Amino acid sequence: MPETTRTVSLREITADTVIPVCKLTAEPPGFVAPNAISIAQAHFHPNAWFRAIYADEELVGFVMIDDSALLPEPPAEPEVGLWRLMVDAKHKRHGYGRAALRLVIEHVRRTHPTLERFYTSCVPGPGTPRPFYESLGFVFTGDVDNGEEVLALDLHQPAR
Ligand SMILES: CC(C)(COP(=O)(O)OP(=O)(O)OC[C@H]1O[C@@H](n2cnc3c(N)ncnc32)[C@H](O)[C@@H]1OP(=O)(O)O)[C@@H](O)C(=O)NCCC(=O)NCCS
């Protein structure tokens, strides 16, 4: 698996960057919603936390998590899951997705020190990102939600 030598960071999206973020494209299609849809949804879901992914100063992707602790009436035991993750087609396989997901996991550990599991889900079939998640320690839970396989990361295990 590639390790990038560039510095990957997660940055808030601004009026200047929202259009470039919306123009990023995921390949193959069908595994993640367009970023414009995700950003629109985020504005109606207080549980959404989203950032642009940069490699050094270059915009390369987008990530969004679902954090029920951000709801106006958060549950006693919040759940946190990866909602969207994409790296632009021309920047794939440089290690940016893995580096960005590690930063997201650090963010979740920092904001939820007692949380046990961090979830993701993915569409099965050719081109599925499931091996990508498994390489970071996510394990298939056996559940299928709306046709998507649910995977969980044990946050008490050391990060990979
Ligand atoms: C999945 C995605 C975010 C991974 O980001 P990335 O920057 O390309 O991944 P990285 O370079 O950090 O890691 C790549 C490694 O992860 C694995 N990997 C990444 N994407 C994979 C895929 N679709 N299928 C199988 N393995 C994959 C491989 O082991 C790969 O290493 P290799 O090229 O040496 O074999 C990106 O490919 C993407 O945006 N895909 C389309 C949208 C998508 O599926 N999003 C996830 C929705 S649940």
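The values are calculated or read from the model by the stated rules, or taken from the named source; none is laboratory data. This is a predicted model, so every value here is computed, not measured. So basically every Cβ, Gly included, is an ideal-geometry build from the backbone, and we count neighbours across all protein chains shown.
Report whether or not Glu106 is part of a helix (DSSP H, G or I) and either surrounded by fewer than 18 Cβ atoms within 10 Å (Cβ to Cβ) or not polar (S, T, N, Q) (or both). Break it down stepwise before answering.
Details: part of a helix (DSSP H, G or I): yes; either surrounded by fewer than 18 Cβ atoms within 10 Å (Cβ to Cβ) or not polar (S, T, N, Q) (or both): yes.
For Glu106, the condition - part of a helix (DSSP H, G or I) and either surrounded by fewer than 18 Cβ atoms within 10 Å (Cβ to Cβ) or not polar (S, T, N, Q) (or both) - is met.
Scanning region 6-25 for residues that are more than 12 Å from Ala36 (Cβ to Cβ) and within 16 Å of the ligand (Cβ to nearest atom), which turns out surrounded by the most Cβ atoms within 10 Å (Cβ to Cβ)?
Here is the first cut: in region 6-25, the ones more than 12 Å from Ala36 (Cβ to Cβ) are 6-12, 14-17.
Cutting the leftovers down to within 16 Å of the ligand (Cβ to nearest atom) gives us 6-10.
Numbers: Arg6: 15, Thr7: 10, Val8: 21, Ser9: 15, Leu10: 19.
Going through the qualifying residues, I end up with Val8.
Flag set for Pro75, criterion: at pLDDT 95 or above, loosely packed, with under 15 Cβ neighbours inside 10 Å and either out of contact with any His (no Cβ under 8 Å at 6 or more places or on another chain) or among the acidic types (Asp, Glu) (or both). Any residue at all in region 62-72 that is part of a loop (DSSP other than H, G, I, E, B) and farther than 19 Å from Leu103 by Cα? Yes, region 62-72 contains at least one residue that is part of a loop (DSSP other than H, G, I, E, B) and farther than 19 Å from Leu103 by Cα. Exposed (fewer than 12 other Cβ atoms within 10 Å of the Cβ), within 16 Å of the ligand (Cβ to nearest atom) and under 25 Å from Gly127 (Cβ atoms): is that true of Glu58 in this structure? Criteria met by Glu58. The residue list His91, His112 contains one member that is within 25 Å of Ile13 (Cα to Cα), more than 16 Å from the ligand (Cβ to nearest atom), modelled with pLDDT of 95 or more and more than 12 Å from the chain's Cα centre (by Cα), which is His112. Residue pairs whose Cβ atoms lie under 8 Å apart, sitting 6 or more positions apart in sequence or on different chains, and linking a residue in region 1-26 that is free of Cβ contacts under 8 Å to residues at least 60 places away in the same chain to a partner that is among the polar types (S, T, N, Q) and part of a loop (DSSP other than H, G, I, E, B), are Arg11/Thr17. Assessment of region 134-151 against the conditions (more than 19 Å from Met86 (Cβ to Cβ), assigned to a loop (DSSP other than H, G, I, E, B), away from the ligand (no atom under 13 Å from the Cβ) and among the hydrophobic types (A, V, I, L, M, F, W, C)) yields no matching residue.
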